[in-house]
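Participant: If you scroll down you'll find the structure; I have some questions about it.
The values are calculated or read from the model by the stated rules, or taken from the named source; none is laboratory data. Computed from a prediction, not measured in an experiment: that's the story for all the values here. As a convention, Cβ positions derive from the backbone with ideal geometry for all residues, glycine included, and neighbour counts pool all protein chains shown.
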Amino acid sequence: MDFQHPPVHGMDIHRGEAPSAGPADLPPAQWGRVTLVGAGPGDAELLTLKAAKALAQASLVLYDNLVSQDVLQLVPEGAERIYVGKQSSNHSLPQEGIIDLMIRLARGGRSLVRLKGGDPYIFGRGGEEAQALAAAGVACETVPGISAAQGAAACAGIPLTHRDHAGMLVFATGHLQGEEGERTVALDWAALARPRQTVVIYMGMGTLPTICTQLIAHGLDGDTPAALVERATRPDQRTIVGTLRTLPALSEQHGVHPPALIMIGGTVSLQAHIGGAALR
């Protein structure tokens with residue numbers, strides 16, 4: 001099978017195949033509905049009760065790359081599972097194709113769970129999918145999930161806010177944007193370099209040296225505490241703690257790979273006091 005994830009319960013649909021969508025000319029009253037579910041950061045025990053209920057009742061699940069095996073184990077036997085995950089330069093199905101598939105299935109009378117890592121509305125493209133489903137007249141309910149940032153903060157011992165260190169919290173994405181050959185990290189560096197805030201950067205491992213260099217260039221001290229949290233909340237989670245200046249070298253030294261979050265700010269200094277083991 002051509003999957004990122006090995007089979008668990010249920011029936012995996014090969015990439016490129018599609019489940020039966022039923023008649024294409026059903027009246028809207030007979031269309032299925034989509035439940036957009038946040039799978040949380042990885043640990044299945046961090047699923048919300050509503051998310052667990054949606055999975056237990058699912059007969060068809062479209063799931064992303066960052067959904068853990070522990071969460072997929074909750075899909076009932078006999079349910080169809082379609083892997084539609086995306087990794088850097090390796091998309092099993094483009095975003096437009098995922099949206100088209102959901103609409104086609106729903107209009108054919110199939111209800112489905114669209115399962116996403118973390119929270120669907122935090123760098124999960126859930127907003128785009130909900131918007132497209134609404135425009136197509138397909139009913140959609142969104143079930144929030146614990147975000148990757150929340151999971152990483154709790155498990156690494158790095159508070160996202162703290163009265164003495166951070167009165168603001170910023171989430172940003174560090175992936176490259178723009179046309180091929182002119183791609184760059186399009187962030188408001190001056191805003192990210194403000195003092196007394198915690199900055200959490202998703203999808204930034206490939207651009208970590210640029211991120212650290214730009215933040216220092218825009219005013220953050222090179223000794224500002226910074227950390228990487230790899231595979232947050234999972235049994236093989238790792239936390240790497242350093243500074244803006246040292247973090248890129250630490251990442252290489254310890255072989256950090258996605259999924260990993262970059263956490264920057266004074267609250268990272270608390271990890272040594274309230275967190276578990278960390279690499280430095």
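Participant: Here is a check on your reading of the model: is Leu101 in contact with a helix residue (DSSP H, G or I) (Cβ under 9 Å, 6 or more places away or on another chain), surrounded by 16 or more Cβ atoms within 10 Å (Cβ to Cβ) and either under 27 Å from Asp43 (Cα atoms) or assigned by TED's automatic domain parsing to the domain that holds Leu46 (or both)? Break it down stepwise before answering.
Facilitator: Numbers: in contact with a helix residue (DSSP H, G or I) (Cβ under 9 Å, 6 or more places away or on another chain): no; surrounded by 16 or more Cβ atoms within 10 Å (Cβ to Cβ): yes; either under 27 Å from Asp43 (Cα atoms) or assigned by TED's automatic domain parsing to the domain that holds Leu46 (or both): yes.
So Leu101 fails the test.
Participant: Does segment 229-280 hold any residues that are part of a strand (DSSP E or B) and in contact with a Lys or Arg (Cβ under 8 Å, 6 or more places away or on another chain), and which are they?
Facilitator: Val229, Glu230, Arg238, Ile240, Val241, Gly242, Ala260, Leu279
Participant: In segment 183-205, is there at least one residue being closer than 14 Å to Ala156 by Cβ, hydroxyl-bearing (Ser, Thr, Tyr) and outside any loop (DSSP other than H, G, I, E, B)?
Facilitator: From segment 183-205, those closer than 14 Å to Ala156 by Cβ are 198, 200; that's our starting set.
So of that shortlist, the ones also hydroxyl-bearing (Ser, Thr, Tyr) come out as 198.
Subset that is outside any loop (DSSP other than H, G, I, E, B): 198.
Within segment 183-205 (the criterion being closer than 14 Å to Ala156 by Cβ, hydroxyl-bearing (Ser, Thr, Tyr) and outside any loop (DSSP other than H, G, I, E, B)), the answer is yes, since at least one residue qualifies.
Participant: For a quick check of your reading of the model, give me the residue pairs whose first member lies in segment 91-116 and is without any contact (Cβ under 8 Å) to a residue 40 or more places away in the chain, whose second is among the small types (Gly, Ala, Ser), with beta-carbon atoms closer than 7 Å and at least 6 apart or on different chains.
Facilitator: Taking only residues 6 or more apart or on different chains, the pairs are Ile99/Ala132; Ile103/Ala136.
Participant: Of the residues Thr207, Thr233, which is buried (at least 22 other Cβ atoms within 10 Å of the Cβ) and either under 18 Å from Phe123 (Cβ atoms) or of a type in the set (Asp, Glu) (or both)?
Facilitator: Just one listed residue meets the conditions, Thr233.
Participant: Looking at segment 1-42, which of its residues are surrounded by fewer than 19 Cβ atoms within 10 Å (Cβ to Cβ), over 18 Å from Leu93 (Cβ atoms) and modelled with pLDDT of 60 or more?
Facilitator: Result: Gly22, Pro23, Ala24, Asp25, Leu26, Pro27, Pro28, Ala29, Gln30, Arg33.
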